[in-house]
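Notes follow once the structure below has been shown.
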RNA sequence: GGGCAGGUGGUGGAAUGGUAUACACGAGAGACUUAAAAUCUCUUGGUCGUAAGACCUUGUGGGUUCGAGUCCCACCCUGCCCACCA
């Protein structure tokens, strides 16, 4: 997905080698230990040759288990990365053994900045770097024993993939969901380029530390806001963590209120405001416009003109970050007045940057008595502060009780807001914090935006396809038009200059504009910006269903069979990014009739992060990175997989412990030792199967492992080996396959067998230990047959010398079958 | 300022309102070994006690309950996300 941590090997290698040697774990030393290096490679080859993990039969019930898209960074993975991948792999294997036809694919979110920055610095083209990185990631994933269907591997930088990213852009553009407008963007004056918000650190460019400015540029947008309500409503049906849903709701930020108009005193213009509190109209003592508000220039009086211009220019220079970080509010009077529609009072109009241009109407009716921010501003500039009180009763009569901000509650607002809004000629409305999605990037390593600009009034456009709904804008002599589908993909050229110049590097390509005029008419030229990589990753899960299709982004039948994704695993940091973009994309394509579902991911779980052994976030600079290649080499992939599940609850973040991992390796050796000599004569360990199955269904992988440990600690004989191996297989696939085929002598893969069944009744022990309490305090226990009656338990307690007094002393008792008996005095 | 998680031994953590501290790590003692590693066995929340046992203990303070780590109220602390959103 996004550019995750970049892992540097060099400082770590020495450290880790020392650590491993210190722990002294050497599998070759004792007979009881298995040689992980040998068996892991052997079975990885076997699974690949036999195609064990390929999804291709359509007869069985489908189950789609997906990891979030990976960005193949230069240094490969650290041990935190495989945690989510291991969990999804365990689920894929588990559901496969439950008889499902499982789709478990992997692919690469290959476009993005690090490869391009590397090209700027070193000169190696991004395509080359990316190819190398992918090969390394793939090698690592295979060495972990992941059961991906590599026939379905996809790569966003492959023209066969980005053709469809471009096609989706075209569909959105043709239907009015992609549009172009002037917008402020983060601009680094030194690098001469636009930066994404993530690249702006504390108001500075992350690469050169220059102060980032706001620059107005023509940019492409997707109409995110058209789906704001549907994106909120759709959450209800999803099995996602509640906190994730809540974060998305807050990000979309719906609020109900009213749109009101304040006429300029002595002018014809009106200032529109959005307010959630029209009931505080009588407390309005001034009006504030955002510095960017279009009426500022128009209404400012000649006396105030200079001061206002200076203030506005200053505000523009400040970054959004500086503006919000400002401790004190600032502003300037415009000299103009508006009329309050409720009481016809004249109030002054100010300009202040605490009002945001891009929320509501970029203007606020200030009520300093009932709003903290207005209050602070009013105090600083000596503006009137008027509480809404009893004397306004005439106005509010009939609209419910009088409003005092602290007493205002939801029930009253339901009655009061519509009535008052109507009385002053406003209307009820809903506002969202969500903005449209700015997808243009002045970058090379991304999917080119498939748009052609032609001279205005050009006779030759558009050719074919649906009529373009492209807007023309302010006096420009060129208009953007949609491309023909058959002209896709627009291939990313390689004759470019990577050095940043302020324009997209594609502008420096000669090849890129070849043939455009011949095809689209004289003067035609291509858009040179590329798309945000989040566009590429907003639909990739669809492509896995039918990755080799050359006619469509994915065939209808395949989509119908596999989608939506049944189980999605990935980090919570993507909540307000990727997860929202993907939901938006599915909703647009659904609305346009390309999909028959409108949510991409039915069930979602987040993995917690693995911190370094020092409890800090793993990072190159802290030097606490643990390299999974080292772990696999010394302890084996099975050990790593199982330890990462054993560490704690899947969603929780926690520190890595190499010593803790050694405990898991000891357990696997113990298993290996105990299964020796097992034969075909087998019995189901019902209690074990029941507990493991139950925890698998709840994704409580940590307790699955501890349950297996407890079982092995007690296990006698070998009658349990067959079923135990099946339970072990998703976690430690190599060892399980080794036991399955080479100890038990099975001929097919353990993954082609079925998850063991159990009998609930036989899963229960014949006898139970009942806690004997006195006033809730434990005094002892009695062992007795399961489901023993109250009378039998009482008798057993009475027979116990130490407990017998409880029966005699107590007036009454509470009995819970198979659990407790509590005596009350 | 708003939202969401969470606070349990030396450590990671376990526990449908019913025996708190499972499992694992670490530590201590012992066995094997010339020795070490590995492996195996035992001990391991605290206080008092020779012992039997008693009392205390899940961030703090209240409450509900026969019984609360778990439910309710208030507070403290930590982490994450958003943040001048009218």
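Please indicate, with yes or no, whether at least one residue in region A:663-684 is in contact with a strand residue (DSSP E or B) (Cβ under 8 Å, 6 or more places away or on another chain), within 14 Å of RNA strand B (Cβ to nearest atom) and under 24 Å from residue A:89 (Cβ atoms).
No, there is no match, as no residue in region A:663-684 is in contact with a strand residue (DSSP E or B) (Cβ under 8 Å, 6 or more places away or on another chain), within 14 Å of RNA strand B (Cβ to nearest atom) and under 24 Å from residue A:89 (Cβ atoms).
Could you grab me the full set of residues in region A:479-511 that are part of a helix (DSSP H, G or I) and touching a strand residue (DSSP E or B) at 6+ places or on another chain (Cβ under 6 Å)?
Once the filter is applied, which keeps residues that are part of a helix (DSSP H, G or I) and touching a strand residue (DSSP E or B) at 6+ places or on another chain (Cβ under 6 Å), region A:479-511 yields nothing.
Scanning region A:714-727 for residues that are in a helix (DSSP H, G or I) and without any contact (Cβ under 8 Å) to a residue 60 or more places away in the chain, which turns out surrounded by the most Cβ atoms within 10 Å (Cβ to Cβ)?
The qualifying residue surrounded by the most Cβ atoms within 10 Å (Cβ to Cβ) is A:724.
Any residue that is more than 30 Å from residue A:425 (Cα to Cα), within 17 Å of the chain's Cα centre (by Cα) and more than 12 Å from RNA strand B (Cβ to nearest atom) - is there at least one of those in region A:240-259?
So far as region A:240-259 goes, no, none of its residues is more than 30 Å from residue A:425 (Cα to Cα), within 17 Å of the chain's Cα centre (by Cα) and more than 12 Å from RNA strand B (Cβ to nearest atom).
Any residue in region A:579-593 that is on the phi > 0 side of the Ramachandran plot and out of contact with any strand residue (DSSP E or B) (no Cβ under 6 Å at 6 or more places or on another chain)?
Yes; the residues of region A:579-593 include at least one that is on the phi > 0 side of the Ramachandran plot and out of contact with any strand residue (DSSP E or B) (no Cβ under 6 Å at 6 or more places or on another chain).
I'm trying to understand the selection: among the residues of region A:698-713, which are within 6 Å of RNA strand B (Cβ to nearest atom) and either over 16 Å from residue A:569 (Cβ atoms) or without any contact (Cβ under 8 Å) to a residue 24 or more places away in the chain (or both)?
A:703, A:706, A:709, A:710, A:713
Quick check on my filter: what residues within region A:86-117 are in contact with a helix residue (DSSP H, G or I) (Cβ under 7 Å, 6 or more places away or on another chain) and under 22 Å from residue A:536 (Cβ atoms)?
Those that are in contact with a helix residue (DSSP H, G or I) (Cβ under 7 Å, 6 or more places away or on another chain) and under 22 Å from residue A:536 (Cβ atoms): A:103, A:104, A:105, A:106, A:107, A:108, A:109, A:110, A:111, A:112, A:115, A:116.
Looking only at strands (runs of 3 or more DSSP E) that fall completely inside region A:210-287, which ones have 2 or more residues that are more than 24 Å from residue A:534 (Cβ to Cβ)?
Filter on region A:210-287 gives A:255-264, A:270-275.
Does at least one position in region A:625-648 carry a residue that is more than 19 Å from residue A:708 (Cα to Cα), out of contact with any strand residue (DSSP E or B) (no Cβ under 6 Å at 6 or more places or on another chain), without any contact (Cβ under 8 Å) to a residue 60 or more places away in the chain and within 16 Å of RNA strand B (Cβ to nearest atom)?
no
Checking residue A:537 against (1) buried (at least 22 other Cβ atoms within 10 Å of the Cβ); (2) in contact with a strand residue (DSSP E or B) (Cβ under 7 Å, 6 or more places away or on another chain): exactly one of these is not met. Which one?
For residue A:537, the failing item is (2).
Conditions tested, residue by residue: (1) in contact with a helix residue (DSSP H, G or I) (Cβ under 7 Å, 6 or more places away or on another chain); (2) in contact (Cβ under 8 Å) with a residue 12 or more places away in the chain; (3) assigned to a loop (DSSP other than H, G, I, E, B).
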site	(1), (2), (3)
A:761	no, no, yes
A:773	no, yes, no
A:779	yes, yes, no
A:791	no, no, no
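With the requirement that a residue be within 22 Å of the chain's Cα centre (by Cα) and under 27 Å from residue A:543 (Cβ atoms), what does region A:596-634 give you?
Scanning region A:596-634 gives A:597, A:598, A:599, A:600, A:601, A:602, A:603, A:604, A:605, A:606, A:607.
In this structure, does residue A:660 turn out to be surrounded by fewer than 17 Cβ atoms within 10 Å (Cβ to Cβ) and either over 25 Å from the mean Cα position of the chain (by Cα) or near RNA strand B (Cβ under 8 Å from one of its atoms) (or both)?
Yes: the conditions hold for residue A:660.
If the Cβ limit is 9 Å and pairs must be 6+ apart or interchain, which residue in region A:349-369 that is farther than 25 Å from residue A:438 by Cβ pairs with which residue that is within 7 Å of RNA strand B (Cβ to nearest atom) and in a strand (DSSP E or B)?
As it stands, the answer is A:349/A:363; A:352/A:364; A:365/A:273; A:365/A:275; A:367/A:275, since those pairs meet every condition given.
Quick one: in region A:175-199, which of the residues that are farther than 22 Å from residue A:591 by Cβ, in a loop (DSSP other than H, G, I, E, B) and in contact with a strand residue (DSSP E or B) (Cβ under 8 Å, 6 or more places away or on another chain) is modelled with the lowest pLDDT?
A:196
Of all the residues that make up region A:395-433, how many are assigned to a loop (DSSP other than H, G, I, E, B), at pLDDT 60 or above and either closer than 30 Å to residue A:117 by Cα or away from RNA strand B (no atom under 16 Å from the Cβ) (or both)?
1
The values are calculated or read from the model by the stated rules, or taken from the named source; none is laboratory data. Since the structure is predicted, the reported quantities are computational estimates derived from the model, not experimental observations. Neighbour counts run over all protein chains shown; Cβ positions are idealised from the backbone, glycine included.
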